[in-house]
Amino acid sequence: GAVVSQHPSWVICKSGTSVKIECRSLDFQATTMFWYRQFPKQSLMLMATSNEGSKATYEQGVEKDKFLINHASLTLSTLTVTSAHPEDSSFYICSASHPKPGETGSITGELFFGEGSRLTVL
Amino acid sequence: QKEVEQDPGPLSVPEGAIVSLNCTYSNSAFQYFMWYRQYSRKGPELLMYTYSSGNKEDGRFTAQVDKSSKYISLFIRDSQPSDSATYLCAMSAGKTSYDKVIFGPGTSLSVIP
């Protein structure tokens, strides 16, 4: 399957600082990437949809000024947690849709995920 | 009522057993159904992808979709300790990148040697 790389895999930061997480599609171009948050023993919560060359679409309740998303190229999306607080500590995961050969667009659901980034804010 | 319901487990079975994992959903518009496997502290990995009702088999894994009952299942035959993970069902209504994929909370599975 397609490979999505996420970096860093874990990060510890002080309260008030900003943290940037990168998500790269290594062997395909992803016009759309997704950012999720996952709490222990809970499901993936979609935070935002990242579209290359345009503004991200945020889910209800997600602060766009706190979770800055940039999708500057077809292989890279970044999530920046600004002024992080302990309650932002979580597992953040990105995913990208991989279009099948011959398909004009991406098939919903065939998402390939990064390894996740565990953020701990002290 | 949540859009996707899934028994969180934990489910513990002996090696070689047949495992049945299930999800129910409420949105009749869902037509794409997926199963993901997630190991601890890792991102989910796509296992099975099905469209509409019916069965799909891939090695030891079989996915079933019953849209009339809004019920999907994943069967694992000859379960192995390496199958120990959390299994997430997921589903979507549309066929474009912009359609939201809804995940179940996941079922934790342990296969005991």
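The values are calculated or read from the model by the stated rules, or taken from the named source; none is laboratory data. All figures in this text were calculated on a predicted structure; none of them were measured in a lab. Every residue, glycine as well, gets a Cβ built from its backbone with ideal geometry; the counts of neighbours run over all protein chains shown. Protein only, heavy atoms only, side chains kept; ligands, DNA and RNA dropped before computing areas. Shrake-Rupley method; radii C 1.70, N 1.55, O 1.52, S 1.80 Å.
Which ³J(HN,Hα) values, rounded to whole Hz and listed in residue order, are derived for segment B:23-30 from phi using the Karplus coefficients 6.51, -1.76 and 1.60 in 6.51 cos²θ - 1.76 cosθ + 1.60 with θ = phi - 60°, glycine and proline given as x?
The phi angles translate into 9, 10, 9, 10, 8, 5, 7, 4 Hz.
Rounded if a/c is under 1.5, else prolate if a/b beats b/c, else oblate: with a ≥ b ≥ c from the C-alpha gyration tensor eigenvalues square-rooted, which is segment A:10-74?
Here segment A:10-74 falls in the rounded category.
How high is the relative contact order of chain B, in percent, with contacts defined as C-alpha pairs under 8 Å that are six or more residues apart?
37 percent
Mind listing the lone cysteines of chain A, meaning no other Cys beta-carbon sits under 4.7 Å from theirs?
For chain A, the answer is A:C13, because their Cβ atoms have no other cysteine Cβ under 4.7 Å.
Run the accessible area of the protein assembly as shown with a 1.4 Å probe and give the carbon-and-sulfur part as a rounded percent.
Percent of accessible area from carbon and sulfur atoms in the protein assembly as shown: 50.
Interface B/A, total buried accessible area with a 1.4 Å probe, nearest 100 Å²?
Result for this pair: about 1900 Å² buried.
About its Cα centre, what dipole magnitude does chain B give when the only charges are +1 on Lys and Arg Cβ and -1 on Asp and Glu Cβ, stated in debye to the nearest 20?
Roughly 260 debye for chain B.
For B:S26 and B:S110, FRET efficiency with R0 = 30 Å and r from the beta-carbon atoms, rounded to 0.05?
The computed FRET efficiency comes out at 0.55.
Please compute the per residue accessible area over the protein assembly as shown with all protein chains in place, 1.4 Å probe, rounded to a whole number of Å². Display every interim value, and only then the final one.
On the way: 11350 Å² over 235 residues.
On a per-residue basis, 48 Å².
Compute, for the protein assembly as shown, the length of the dipole vector about the Cα centre, with Cβ point charges of +1 (Lys, Arg) and -1 (Asp, Glu) only. Units Debye, rounded to 20.
Values: 21 positive and 22 negative charges, 61 e Å.
With only Lys, Arg, Asp and Glu charged at Cβ, the dipole is about 300 debye.
Could you pull out the pairs from A:K55/B:K67; A:K64/B:K70; A:K64/B:K67; B:K2/B:K67; A:K66/B:K42 whose alpha carbons sit more than 27 Å apart here? Could you put the intermediate results ahead of the total?
Working: A:K55/B:K67 35 Å; A:K64/B:K70 34 Å; A:K64/B:K67 36 Å; B:K2/B:K67 17 Å; A:K66/B:K42 24 Å.
Over 27 Å Cα-Cα: A:K55/B:K67; A:K64/B:K70; A:K64/B:K67.
Please tell me the relative contact order of chain A in percent, rounded to the nearest whole number, where contacts are Cα pairs under 8 Å and at least six residues apart.
On the way: 303 pairs, mean separation 43.3, N = 122.
About 35 percent, as a whole number.
Pick out, from B:G9, A:F113, A:N70, the residue whose Cα sits farthest towards the positive end of the charge dipole of the protein assembly as shown, with +1 on the Cβ of Lys and Arg and -1 on the Cβ of Asp and Glu.
A:N70
Once both labels are modelled 7 Å past Cα along the beta-carbon direction, what's the A:K55-A:S5 spacing in nm?
Computed distance between label sites A:K55 and A:S5 equals 3.2 nm.
May I ask for the net charge around B:S28, where only other residues with Cβ less than 9 Å from the Cβ of B:S28 are counted and Lys, Arg are +1 while Asp, Glu are -1?
In short, +2.
Within segment B:2-28, what residues put their amide N at less than 19 Å from the label point 7 Å along the Cα-to-Cβ vector of B:S40?
B:8-15
In the protein assembly as shown, with Lys and Arg counted as +1 and Asp and Glu as -1 at Cβ, which of these residues, B:F30, B:P81, A:H7, has the Cα nearest the positive end of the dipole, that is, farthest along it?
Selected residue: A:H7.
If I take R0 = 25 Å and measure r between the Cβ atoms of A:D27 and A:H85 in this structure, what FRET efficiency does the formula 1/(1 + (r/R0)^6) give, to the nearest 0.05?
FRET efficiency, A:D27 to A:H85: 0.10.
If you count only protein heavy atoms and use a 1.4 Å probe, how large is the accessible surface of B:F75, to the nearest 10 Å²?
60 Å²
Shielding by partners for B:39-46, please: the mean number of other protein chain Cβ atoms within 10 Å of each residue's Cβ.
Average per residue, whole number: 6.
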